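The block underneath contains the structure these notes are about, expressed in structure tokens.
The values are calculated or read from the model by the stated rules, or taken from the named source; none is laboratory data. This structure is a prediction, so every number in the text was calculated from the model and none was measured. Note that we place each Cβ from the backbone using ideal geometry, even for glycine, and neighbour counts take in every protein chain shown.
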Amino acid sequence: MGETKKSFGYWQIRTIIITMVGYALFYFVRKNFSIAMPGLTAEFGISKVSLGLFLTLHGIIYGLSRFVNGVISDRNSARIVLSVGLMLCALANVLFGCSDTIAGWIVTLAHNVGVEIAFSSVLLYFMGIVWVINGYLQGMGVPPCTKTLTQWIHPKELATKMSVWNMSHSIGAGLVFGLCGWYIMPHLGVDMSANQEAVANIAHNLNLDITDPKVLSFAAHYYAWRWCFIIPALFAAAGAVGLFFTLKDSPSDVGYPEIMGEKKAVVRTPEESAEYKAFIRRKVFGNRLIWTLAVTNFFVYIVRFAALDWGPTLLTESKGLSLAMATTLCIVFEFVGGNIGMVVAGWATDHLFKNKAHHTCVFCMIGAAISIALFWAIPANAPWWVMILPFTFIGFFIYGPQALLGIAAANQATNRASATANGILGIFGYASTLVSGVGFGYVAQHYGWNAAYVTMLVMASLGVVSLLTMWNAKADGYDTPQK
């Protein structure tokens, strides 16, 4: 018995690690876009509005895709959905990295048949379409991971272990930032000294003086943006192959009993299909708790994206920090505050709150609101080390719910419908970009940063109110159906 338990523990840890690596690689072919954006502006003069539109559409499509692929993952092999999705993301990134070449081919073909179209328009549309497609393919990452982990981890241990798994977000983002920002951009540029026309274009797009000796260095670095897509894509493709051959969907695939009863077969007959649809209606679409968690996720992601995506601008303009120091605070927000917050929140759920993740989230959202208020109150002339602590605590508290709400949804919907439930949370989470992106920018531009801080406080407070409506809910939905 002891050897069996030890062996099962090995497979469980192995599954967590494999899915962590797999999902981190999704970030390799997603967050690389942020590093490449200056190069796209420099070489082609693509406006920040256009690049921002790419990001907004990518986020909305990604949220919808998480729902669609949640349904697909619950009815099919998570291993196949995950590995195929990662491979297709790698392909989309290769296409994006070659987009200027492909756009040139399209313009040439159109010219040969007597149609005159502008290269810049073709390039912009091609890039936008490819990146939106990548947004859909990215939605094939979280749902199969959620399904797999709920098959391997008992509900009473799920919060702690999935909080550890959730660190794959920050690990993937950090590694691709390092790969692109520290290696690819500085070292894989091209010699631009003989291409004065290209240098002149880049100098114009960046409002630089062509006689400035730094322009050639800028040009060489910016021309490396293609490798920011192609090289991470190679890592992702290799990872997809590894996932396909090493990941196991559930304990029964390697001869162990299922965590929560018998493994459900893939729906095939009309009777099985009808029973499964009824189960999904009861546990997901007709479950008030799932919708409450989804609405809460909307508020959580607004606060998270407002602090992270707007962080450099927020810190430089409202607190007077240099861009370098603002970037440092954002990295600490993500790696220190976020990662520690997720692990602590998961441990607290399993050991202090009797597996009730929604209880932990209430205290986390209160902590986030207090941290936002404290950071807001710090005067702009305060030293950076005074600002870093409350800003880090915003990350510490907001990343707890970011990890735990999906775990709570998985427990309420049970492991049979966990991916579908998390798909709904994904839609609400990434619909928040409509507020945290355009909405937050509008408030800051027209009413000032004080109004932006008030917006963050209101969103955190609404998250608390939403969670309090389900305070008396059970830890999971396995024993009796939730009404």
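Can you tell me which of A345, A369 is within 25 Å of M20 (Cβ to Cβ), in the same structural domain as G311 (by TED's automatic domain parsing) and either small (G, A, S) or in contact with a His (Cβ under 6 Å, 6 or more places away or on another chain) (or both)?
Answer to the check: A345.
Taking segment 25-46 only, how many residues are among the aliphatic types (A, V, I, L, M), part of a helix (DSSP H, G or I) and either at pLDDT below 95 or not assigned by TED's automatic domain parsing to the domain that holds L88 (or both)?
5
Please go through (1) surrounded by 22 or more Cβ atoms within 10 Å (Cβ to Cβ); (2) touching a Ser or Thr at 6+ places or on another chain (Cβ under 9 Å); (3) at pLDDT 90 or above for A368 and return the number of the only condition it doesn't satisfy.
Condition (2) is where A368 drops out.
List pairs: first residue in segment 2-23 and buried (at least 20 other Cβ atoms within 10 Å of the Cβ) and of a type in the set (F, W, Y), second residue at pLDDT below 95 and in a helix (DSSP H, G or I) anywhere in the structure, Cβ distance under 6 angstrom, at least six positions apart or on different chains.
Y23/C145; Y23/S168
One line per residue, one yes/no per condition, for (1) in a helix (DSSP H, G or I); (2) modelled with pLDDT under 85:
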| residue | (1), (2) |
| --- | --- |
| N381 | no, yes |
| T392 | yes, no |
| L405 | yes, no |
| N415 | no, yes |
| L425 | yes, no |
| F428 | yes, no |
| H446 | yes, yes |
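Checking the condition in contact with a Leu (Cβ under 8 Å, 6 or more places away or on another chain), closer than 30 Å to M459 by Cβ, outside the structural domain of Y10 (by TED's automatic domain parsing) and modelled with pLDDT of 85 or more, which residue from F299, F285 passes? Please lay out each step first, then the result.
Numbers: F285 fails: in contact with a Leu (Cβ under 8 Å, 6 or more places away or on another chain).
Just one listed residue meets the conditions, F299.
Identify the residue in segment 327-349 that is at pLDDT 85 or above and surrounded by fewer than 21 Cβ atoms within 10 Å (Cβ to Cβ) and, among all such residues, is farthest from F177 (Cα to Cα).
A348
For G59, state whether it is of a type outside the set (S, T, Y), more than 21 Å from the chain's Cα centre (by Cα), at pLDDT below 90 and not assigned by TED's automatic domain parsing to the domain that holds N415.
no
Sort out which residues of segment 314-324 are surrounded by fewer than 17 Cβ atoms within 10 Å (Cβ to Cβ) and touching a residue at least 12 places away in the same chain (Cβ under 8 Å), and write them in order of number.
First, pick out the residues of segment 314-324 that are surrounded by fewer than 17 Cβ atoms within 10 Å (Cβ to Cβ): 316-317, 320, 322-324.
The answer is E317, G320.
Here are the criteria: (1) on the phi > 0 side of the Ramachandran plot; (2) under 26 Å from the mean Cα position of the chain (by Cα). Tell me which single one G448 does not satisfy.
(2)
Taking G114 and the conditions (1) closer than 25 Å to L425 by Cα; (2) surrounded by fewer than 17 Cβ atoms within 10 Å (Cβ to Cβ), which numbered condition does it fall short on, given that it satisfies the others?
All conditions pass for G114, except number (1).
Being touching a residue at least 12 places away in the same chain (Cβ under 8 Å), surrounded by fewer than 21 Cβ atoms within 10 Å (Cβ to Cβ) and of a type in the set (D, E, K, R): is that true of K354 here?
In short, yes.
Would you confirm whether any residue within segment 96-106 is at pLDDT 90 or above, farther than 26 Å from G439 by Cβ and not in a helix (DSSP H, G or I)?
Yes - at least one qualifying residue is present in segment 96-106.
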